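Asks: Starting off with a structure, shown below.
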Amino acid sequence: MSFYISNMRDIKFVLFEQIGMEKILKLEKYQPLNFTQADCEMILDEALKFTMAELSPLNVLLDKEGCSFENGQVTTPKAHREAYQKFIDNRWLGMEFPEELGGQGLPLMVLFAAYEMFAGASNSFIITPGLTRGVAHLIESFGTSKQKKLLGPKLALGEWAGTMCLTEPWAGSAVGDLRSKAVKEGDHYLISGTKNFISGGDHDLTPNIIHAVLARAENAPAGIKGISLFLVPKYRYSEDGTIGEFNDVRCGNIEHKLGLHGSPTCTLNFGDEGKCIGYLLGREGEGINCMFQLMNEARIGAGLQAMAEASSAYMNALKYAKERVQGVDIRNMKNVNAPRVPIAEHPDVKRQLMLMKATCEGLRAMLYSAIFNYDMAESADDEAEAEKNHERLELLTPICKAFSSDQAFKVAERAIQVYGGYGYSSEYPVEGYLRDIKVFSIYEGTNGIQALDLLGRKVAKVMRFWDLMNEWNAWIKKHKEDPIWGTYVSLFEKAKNDLYTVTMEFGKMSMEGDSMYPILHASPYLELFGEVYIGYMLMIQGIIAQPKLDAIFAARNATTPEAQIQLLKEHDDARFYHGKVEVAKFYTTNVLPQVRAKVEAINSQNRSVLNVQL
Ligand SMILES: Cc1cc2nc3c(=O)[nH]c(=O)nc-3n(C[C@H](O)[C@H](O)[C@H](O)COP(=O)(O)OP(=O)(O)OC[C@H]3O[C@@H](n4cnc5c(N)ncnc54)[C@H](O)[C@@H]3O)c2cc1C
């Protein structure tokens with residue numbers, strides 16, 4: 001059984017028709033590759049083939065069988081191990097790393113687009129490779145030359161796996177409260193402590209695992225500033241990479257959880273016997289700063305993972321709704337002999353499908369625009385351009401993580417609704433999407449914490465916000481008089497003004513010492529920010545699509561509404577561009593007005609939540 005349905009047409013639209021992948025390919029860094037759009041498309045087509053052949057069928061098994069824990073060891077199903085081996089043999093891990101680390105030096109945009117398909121088909125599978133590339137990147141950025149030489153290629157190519165160890169039973173959101181210890185001993189540290197909820201903390205996919213562990217060195221100050229980052233192997237290794245003795249990192253148990261059954265979530269006990277050695281990565285006391293690199297990547301990754309599954313949930317629901325015949329067209333409801341119709345023709349079902357389409361395509365555009373910023377921040381030819389993109393990425397990261405995961409969950413819920421009773425049954429894929437997606441609003445910093453980050457750190461650096469406002473104002477000016485789009489641009493402008501006003505009001509309140517009120521509304525603020533951003537993305541897409549649609553109609557001489565409807569049924573591209581135009585109009589008229597309602601609630605100055613004693 002295999003359920004994944006990709007939306008490759010939309011992925012390619014975003015990459016090549018909206019965001020402008022060619023800007024990335026023209027960067028000096030990528031010139032030696034001589035890499036073209038055709039090469040990108042070929043890689044994505046191959047990624048899809050791999051996804052459909054290996055990951056999509058595997059996911060059903062992983063969901064049912066999960067992984068097992070016996071005698072302190074995690075075992076994965078044989079099919080999981082085989083798929084992992086094929087994944088690394090095909091060099092899907094490490095595509096973006098430089099050649100000296102064994103990679104192909106590909107743009108991050110290509111990597112993330114391929115990862116959308118891998119994640120959409122099996123998030124359970126992709127978590128370990130995703131974290132492994134994150135740890136490889138940490139080593140590339142902060143490692144010593146010895147660490148880079150030995151561990152870099154092993155992790156970049158997935159020969160060994162990596163993990164990210166922050167959480168402790170008493171330190172979840174409050175990472176600064178962690179208690180794991182590191183005592184210096186010669187060229188290394190002795191690590192002790194317990195980490196829980198560690199994804200891929202133990203498994204048999206690779207012969208060794210390198211844990212990126214946050215711990216407190218001796219005499220380090222309390223809080224975040226006292227935290228350092230260590231590389232802690234499951235097995236020790238010699239200078240030529242030969243695996244040696246066990247490094248006293250024991251898996252205590254695995255979580256039995258709602259979804260992602262194929263990804264082992266482990267409690268890890270470090271140094272129970274005082275023999276766990278770790279190596280400092282970066283400098284003492286700078287652990288959180290270093291880890292932020294991995295966390296920020298993982299936050300964009302979590303948003304992408306959530307959207308990827310939601311998109312497949314939508315595509316499955318759409319397919320189902322076109323096939324499931326139930327009832328008659330409501331206009332014929334009194335005619336018992338009226339032909340039965342697919343449920344996709346009932347307005348309420350169609351409305352839900354439209355909302356799912358708008359959400360998934362808007363989220364994809366938002367996430368890919370952030371990944372464009374990420375690529376440019378790392379590789380732009382000049383520093384100013386890199387910095388500008390870095391700032392935008394910083395602003396978008398909490399929105400990409402939190403808004404995407406919350407909305408993706410709603411998409412999965414709607415997908416169940418479209419399936420009716422069958423959606424609630426595990427024979428169909430949509431309940432599984434819902435179970436998997438929930439975690440993306442929890443890990444990599446809960447969505448509540450993302451909202452605080454957006455308000456307290458990201459928007460507080462006002463130049464980031466101004467830069468986005470300037471971009472939006474220029475775009476509004478350019479399109480406001482457009483005869484087709486002017487009305488919709490005005491609706492976007494209203495929502496943008498609402499976001500602006502509430503942001504300024506929050507800034508004023510904070511400066512006047514009343515920060516509790518903005519903090520109380522941080523989550524609705526993030527949500528309305530996400531809605532406005534997606535409105536912008538979908539409007540851009542609609543405006544790009546309109547002339548392409550008109551050109552197809554003109555080329556086929558489809559001048560009457562009847563001829564156009566007929567053409568939309570037969571012509572994939574016409575249908576695709578028409579969908580873009582309609583979804584942009586739908587979102588601005590049906591969703592963006594909700595921004596106003598949120599702003600009104602915020603403007604109410606009601607403080608019941610702060611006053612109430614629950
Ligand atoms: C499947 C899975 C995989 C995971 N993988 C990893 C991993 O690989 N590595 C790792 O280190 N961790 C991992 N985690 C742990 C995850 O990051 C934590 O669960 C998360 O950070 C929340 O911590 P907590 O569970 O202790 O919840 P708490 O911190 O207790 O939070 C509970 C609730 O209170 C809210 N809250 C807490 N503090 C605040 C605050 N100051 N302001 C506002 N609201 C607040 C939160 O938003 C949340 O809604 C994983 C978790 C799961 C479920």
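The values are calculated or read from the model by the stated rules, or taken from the named source; none is laboratory data. Here the structure is a predicted model, which means the values were calculated and not measured. Cβ: placed from backbone, ideal geometry, glycine included. Neighbour counts: every protein chain shown. In case anyone asks, the SASA skips ligands and DNA or RNA and just uses the protein heavy atoms, side chains included. Shrake-Rupley method; radii C 1.70, N 1.55, O 1.52, S 1.80 Å.
Asks: What are the residue pairs meeting all of these: first residue in the stretch 255-268, first residue more than 17 Å from Ala161 (Cβ to Cβ), second residue near the ligand (Cβ under 7 Å from one of its atoms) and in a strand (DSSP E or B), Cβ atoms under 6 Å, and 6 or more apart or on different chains?
Replies: Glu255/Thr265
Asks: Something else about it: For the stretch 98-119: of the residues being more than 28 Å from Leu62 (Cβ to Cβ) and in contact with a Gly (Cβ under 9 Å, 6 or more places away or on another chain), which is surrounded by the most Cβ atoms within 10 Å (Cβ to Cβ)?
Replies: The qualifying residue surrounded by the most Cβ atoms within 10 Å (Cβ to Cβ) is Leu101.
Asks: In the stretch 538-555, what residues are in contact (Cβ under 8 Å) with a residue 24 or more places away in the chain and open to solvent by 10 Å² or more (accessible area, probe 1.4 Å)?
Replies: Ile540, Ile543, Ile544, Gln546, Lys548, Ile552 - these are the residues of the stretch 538-555 that are in contact (Cβ under 8 Å) with a residue 24 or more places away in the chain and open to solvent by 10 Å² or more (accessible area, probe 1.4 Å).
Asks: Let me ask something additional. Are any residues in the stretch 1-54 of a type in the set (Val, Ile, Thr), within 14 Å of Val110 (Cα to Cα) and under 23 Å from the mean Cα position of the chain (by Cα), and if so, which ones?
Replies: Within the stretch 1-54, Ile11, Val14, Ile19, Ile24, Ile43 meet the criteria.
Asks: Does Leu138 satisfy being within 15 Å of the ligand (Cβ to nearest atom), more than 30 Å from Tyr433 (Cβ to Cβ) and buried (at least 21 other Cβ atoms within 10 Å of the Cβ)?
Replies: yes
Asks: Can you name every one of the helices (runs of 4 or more DSSP H) wholly within the stretch 336-451 that holds 2 or more residues which are within 16 Å of the ligand (Cβ to nearest atom) and crowded, with 24+ Cβ neighbours inside 10 Å?
Replies: Fully inside the stretch 336-451 and qualifying: 383-419, 430-437.
Asks: Filter the stretch 31-56 down to the residues that are of a type in the set (Val, Ile, Thr) and part of a helix (DSSP H, G or I), then identify the one that is farthest from Ile5 (Cα to Cα).
Replies: It comes out as Ile43.
Asks: A further question follows. If a residue must be open to solvent by 40 Å² or more (accessible area, probe 1.4 Å) and not in a helix (DSSP H, G or I), how many such residues does the stretch 57-97 contain?
Replies: Going through the stretch 57-97 one residue at a time, the tally reaches 8.
Asks: A further question follows. Looking at the stretch 175-202, I want the residues that are under 20 Å from Thr446 (Cα atoms) and have a partner that is small (Gly, Ala, Ser) and part of a strand (DSSP E or B) with Cβ atoms under 7 Å, at least 6 apart or on another chain. Which pairs are those?
Replies: Asp177/Ala171; Leu178/Ala171; Gly200/Ala161
Asks: Among the residues of the stretch 452-487, write down those that are open to solvent by 50 Å² or more (accessible area, probe 1.4 Å), over 24 Å from Glu505 (Cα atoms) and assigned to a helix (DSSP H, G or I).
Replies: Lys477, Lys478, Thr487, listed by residue number.
Asks: Mind listing whichever residues of the stretch 176-190 are of a type in the set (A, V, I, L, M) and either more than 15 Å from the ligand (Cβ to nearest atom) or open to solvent by 30 Å² or more (accessible area, probe 1.4 Å) (or both)?
Replies: Ala182, Val183, Leu190
Asks: So if I check each of Asp329, Asp375, Asp382, which one is free of Cβ contacts under 8 Å to residues at least 24 places away in the same chain, touching a Pro at 6+ places or on another chain (Cβ under 9 Å) and either more than 30 Å from Leu231 (Cβ to Cβ) or charged (D, E, K, R) (or both)?
Replies: Exactly one residue qualifies, and that residue is Asp329.
Asks: Could you please let me know if Met504 is under 26 Å from the mean Cα position of the chain (by Cα) and not polar (S, T, N, Q)?
Replies: Here the answer is no, as Met504 does not meet what is asked.
Asks: Residues of the stretch 157-171 being touching a residue at least 12 places away in the same chain (Cβ under 8 Å), in a loop (DSSP other than H, G, I, E, B) and either within 8 Å of the ligand (Cβ to nearest atom) or not aliphatic (A, V, I, L, M) (or both), which ones? Explain how you work it out, then say what you get.
Replies: Going residue by residue through the stretch 157-171, those that are touching a residue at least 12 places away in the same chain (Cβ under 8 Å) are 157-169.
Going one step further and asking which of them are in a loop (DSSP other than H, G, I, E, B), we end up with 157-160, 166-167, 169.
Listed by number, the residues that qualify are Gly158, Glu159, Trp160, Leu166, Thr167, Pro169.
Asks: Here is a check on your reading of the model: is Glu527 within 28 Å of Leu15 (Cβ to Cβ), open to solvent by 10 Å² or more (accessible area, probe 1.4 Å) and within 15 Å of the ligand (Cβ to nearest atom)?
Replies: Considered against the rule, which asks whether it is within 28 Å of Leu15 (Cβ to Cβ), open to solvent by 10 Å² or more (accessible area, probe 1.4 Å) and within 15 Å of the ligand (Cβ to nearest atom), Glu527 comes out as yes.
Asks: Right, something else. Scan the stretch 55-81 residue by residue and report those that are closer than 23 Å to Tyr433 by Cα and in contact with a strand residue (DSSP E or B) (Cβ under 8 Å, 6 or more places away or on another chain).
Replies: Across the stretch 55-81, the qualifying residues are Cys67, Ser68.
Asks: To continue, here is another question. Looking at (1) touching a strand residue (DSSP E or B) at 6+ places or on another chain (Cβ under 9 Å); (2) more than 16 Å from the ligand (Cβ to nearest atom); (3) open to solvent by 50 Å² or more (accessible area, probe 1.4 Å), which is the only condition Asn247 fails?
Replies: The one condition Asn247 does not meet is (3).
Asks: Out of (1) more than 24 Å from the chain's Cα centre (by Cα); (2) among the small types (Gly, Ala, Ser); (3) closer than 25 Å to Met109 by Cβ, what's the single condition that is false for Ala83?
Replies: (1)
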